[in-house]
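Trainee: Right, I'll just put the structure down here and ask away after.
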Amino acid sequence: MATLSAKPGQRFTMPDWHTNSHLISADAERQRSAAHQVQQEARALRNETNNQAKWDEHDNQTRLAERISSVNRWKETLDKCLADIDVEIDALAKVKEAAECALQAKNLPLDVSIECLTLRESRRAIDLVRDPVGEELHKEVKVIDKAKRELQQRVNEAFEQLCLLQEARQQLSFDHRCKMEALEIDRVCLSLNVNSPNISFKVNPARVPDGSTAPDEWEQNSQCNKEHAEAEMKASTALREATLLAIAQTNNELEAQRVATEFALRKRIRDLERAYDELKWQEQNTLEEIPEMEEDIRCLEEDLRGKMQDLKVAHTRLETRTYRPNMELCRDQVQYGLTDEVHQLEGTIRALKQKLAEAQDALDALYRQLHRIQTDIGYKANSLLLDNKCLDSRRKLVVPAEKFMPELDTFNRTTN
């Protein structure tokens, strides 16, 4: 008879079966409840995030529009400031050119003054004197040099101010270019939306770029550039006024000095004509003084020769007494007396030699003075000729160069 084979295995009871069914059903209920809760939270989150994203996008659109408006206002301000500084640069450049022309115009008066000084340097001996004419000419040269220095200083200041204006303009221009770029970028940002073709994810877009500035710093930078440009324009205006005043003032000073110099020159010519008689009197007195000085020199030389002989005697006595023998080589009163005599004679000889040198120098000076006096009459004629040439040369300061024609010099029959 065949038997039913049975597989070994666990057998569950009916309560186990019912319990398992209840657990499955309960788990399903919990999962459906959790899923429903997640579903509700997800819907709420979607609504909240959509609203938040729309408002954030709206706020940033508004901020971008306001920023564009603010940057555009500053751009317009910089446009006006750039136009003003360009006008000031042109005005200052013209004043600088006028100062350079005035500086160049001072070369002719300076050349004439130096020519007169050079002519008067040809005066010889005693006539080469620091007279009022020379003082006025030197003063004229100083006035011209002062005017040239002042004008050159104004030119330099104008050049420096132009550089400062250019620097301020470059700062304004750089700021203006930056604002133009910023406007372009912000306008592009304002035009972006979810349908724009060039949007993409970026690496760490929320980072703070190096060199970022705060809004206050941004505002202060543009304000400083504007104020700096306005300050330089104000300084340039003051410099232009000062330069124009300096040009007028130097011209007036130079004209006044020219008149004073020519007045002194004419007076000097009259003084030269009166100097002849004084020179003759000085010549006569010098001729009388020279023989007396020569006689005094002969007497000094004779006394000096006598004192030299006396000194030889004293030296010989002292040297001879050094040969006394043994105890006789005594420092007696004779020894002391001879020593004092040597010292006294040496001092006397030094004094005579000094006085002889002084007397010889005085005699040489008298001879030189006599020579100067004797030749000074010719010097006076030479000085008169030179001063008259100075007057003729100075005509170029009042007569246009094309009208200044050569004239016949009546003194030496030559053409000036």
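The values are calculated or read from the model by the stated rules, or taken from the named source; none is laboratory data. Note that the structure is predicted; figures quoted are calculated from it, not measured. Using ideal geometry, Cβ is built from the backbone for each residue, glycine included, and neighbour counts are taken over all protein chains shown. Areas reflect the complete protein model, heavy atoms only, side chains present, ligands, DNA and RNA absent. Shrake-Rupley method; radii C 1.70, N 1.55, O 1.52, S 1.80 Å.
Trainee: Cα to Cα, under 16 Å, and not fewer than 8 places away if on the same chain: which aspartates and glutamates meet these conditions relative to residue 396?
Mentor: Leaving aside aspartates and glutamates fewer than 8 places away in the same chain, those within reach of residue 396 are 111, 115, 140, 255, 262, 387, 407.
Trainee: Using a Gaussian network model on the chain with a 10 Å cutoff between Cα atoms, which of 395, 11, 321 fluctuates the most?
Mentor: Largest GNM mean-square fluctuation: 11.
Trainee: Please work through the chain and write down the cysteines that have no neighbouring cysteine Cβ at a distance under 4.7 Å.
Mentor: 81, 101, 163, 178, 189, 224, 299, 330
Trainee: Shifting gears a bit: Suppose a student asked you for the relative contact order of segment 264-370, using Cα pairs under 8 Å spaced at least 6 residues apart; what percent would you report?
Mentor: Values: 43 pairs, mean separation 48.8, N = 107.
Relative contact order, segment 264-370: 46 percent.
Trainee: Related question: Among 191, 339, 34, which residue has its Cα positioned farthest towards the positive end of the charge dipole of the chain, with +1 placed on the Cβ of Lys and Arg, -1 on the Cβ of Asp and Glu, and the dipole taken about the Cα centre?
Mentor: 34
Trainee: Can you run phi through the Karplus equation (6.51, -1.76, 1.60; θ = phi - 60°) for segment 371-376 and list ³J(HN,Hα) in whole Hz, with x for Gly and Pro?
Mentor: 5, 5, 5, 5, 9, 6
Trainee: Roughly how many percent of the accessible protein surface of the chain is carbon and sulfur, given a 1.4 Å probe and a whole-percent answer? Can you show the working numbers first?
Mentor: Numbers: 15990 of 29010 Å².
Summing carbon and sulfur atoms, their accessible area is 55 percent of the total for the chain.
Trainee: Per residue, how large is the accessible surface of segment 166-303? Use a 1.4 angstrom probe and give square angstrom. Provide the component values of the computation, followed by the final result.
Mentor: On the way: 9630 Å² over 138 residues.
Spelled out: the 1.4 Å probe surface of segment 166-303, per residue, equals 70 Å².
Trainee: Considering only Cα-Cα distances, which of the following residue pairs are longer than 26 Å: 142/280; 106/380; 139/267? Walk me through the numbers before you get to the answer.
Mentor: Numbers: 142/280 37 Å; 106/380 32 Å; 139/267 17 Å.
Distance filter (> 26 Å) returns 142/280; 106/380.
Trainee: Moving to a separate point now. For the peptides 230-236, 198-204, what is the packing order when you average, over each peptide's residues, the other Cβ atoms within 10 Å and list the highest mean first?
Mentor: Values: 230-236: 17.0, 198-204: 6.3.
Result, highest mean first: 230-236, 198-204.
Trainee: Tilt of helix 14-105 relative to the longest C-alpha principal axis of the chain, in degrees (0 to 90, nearest 10)?
Mentor: 20
Trainee: Which value, to two decimals, describes the C-alpha radius of gyration of segment 1-115 once divided by 2.2 N^0.38 Å?
Mentor: Against the compact-globule rule of thumb, the ratio is 3.61.
Trainee: Kirkwood hydrodynamic radius (Cα pairs, Å) of segment 139-246? Write down the numbers at each step before the final one.
Mentor: Details: mean 1/r = 0.0543 Å⁻¹.
18.4 Å is the Kirkwood radius here.
Trainee: Still on this structure: Assuming a ≥ b ≥ c are the square roots of the Cα gyration tensor eigenvalues, decide whether the chain counts as rounded (a/c under 1.5), prolate (otherwise, with a/b larger than b/c) or oblate. Let's see the in-between values first.
Mentor: Values: a/c = 7.89, a/b = 2.33, b/c = 3.39.
Taking the square roots of the gyration eigenvalues as a ≥ b ≥ c, the chain is oblate.
Trainee: Pairing the Cα long axis of helix 276-321 with the longest principal axis of the chain, what angle in degrees results, from 0 to 90 and rounded to the nearest 10?
Mentor: 80
Trainee: Is the shape of segment 227-304 rounded, prolate or oblate, going by the alpha carbon gyration tensor and its root eigenvalues a ≥ b ≥ c, with a/c under 1.5 for rounded and a/b larger than b/c for prolate?
Mentor: oblate
Trainee: In whole percent, what relative contact order does segment 95-171 give with Cα contacts below 8 Å and a gap of six or more residues? Working shown, then result.
Mentor: Working: 33 pairs, mean separation 38.5, N = 77.
Relative contact order, segment 95-171: 50 percent.
Trainee: To continue, here is another question. Rounded to the nearest 10 degrees, what's the angle between the helix 215-273 long axis and the longest principal axis of the chain, both from Cα atoms, 0 to 90?
Mentor: Approximately 10 degrees, to the nearest ten.
Trainee: Lysines within cross-link reach of residue 312: Cα-Cα under 18 Å, excluding same-chain residues under 8 positions apart?
Mentor: Answer for residue 312, where 18 Å is the Cα cut-off: 353, listed by chain and number.
Trainee: Could I ask something else about it? Evaluate E = 1/(1 + (r/R0)^6) for residue 25 and residue 53, where r is the Cβ-Cβ distance and R0 equals 45 Å; express this FRET efficiency to the nearest 0.05. Don't skip to the end; give the middle numbers.
Mentor: Values: r = 42 Å, r/R0 = 0.93.
For residue 25 and residue 53, the calculated efficiency is 0.60.
Trainee: Considering Cα pairs under 8 angstrom that are at least six residues apart, work out the relative contact order of the chain and quote it in whole percent. Can you show the working numbers first?
Mentor: Numbers: 247 pairs, mean separation 104.0, N = 416.
Once divided by the residue count of the chain, the mean separation gives 25 percent.
Trainee: Straight-line reach from residue 179: which lysines fall under 18 Å, measuring Cα to Cα and dropping same-chain residues less than 8 apart?
Mentor: 75, 80, 226
Trainee: Can you tell me the dipole magnitude for segment 211-259 around its Cα centre, using point charges on the Cβ only (Lys, Arg +1; Asp, Glu -1), in Debye to the nearest 20?
Mentor: Details: 4 positive and 9 negative charges, 68 e Å.
Using Cβ point charges on Lys, Arg, Asp and Glu, segment 211-259 gives about 320 debye.
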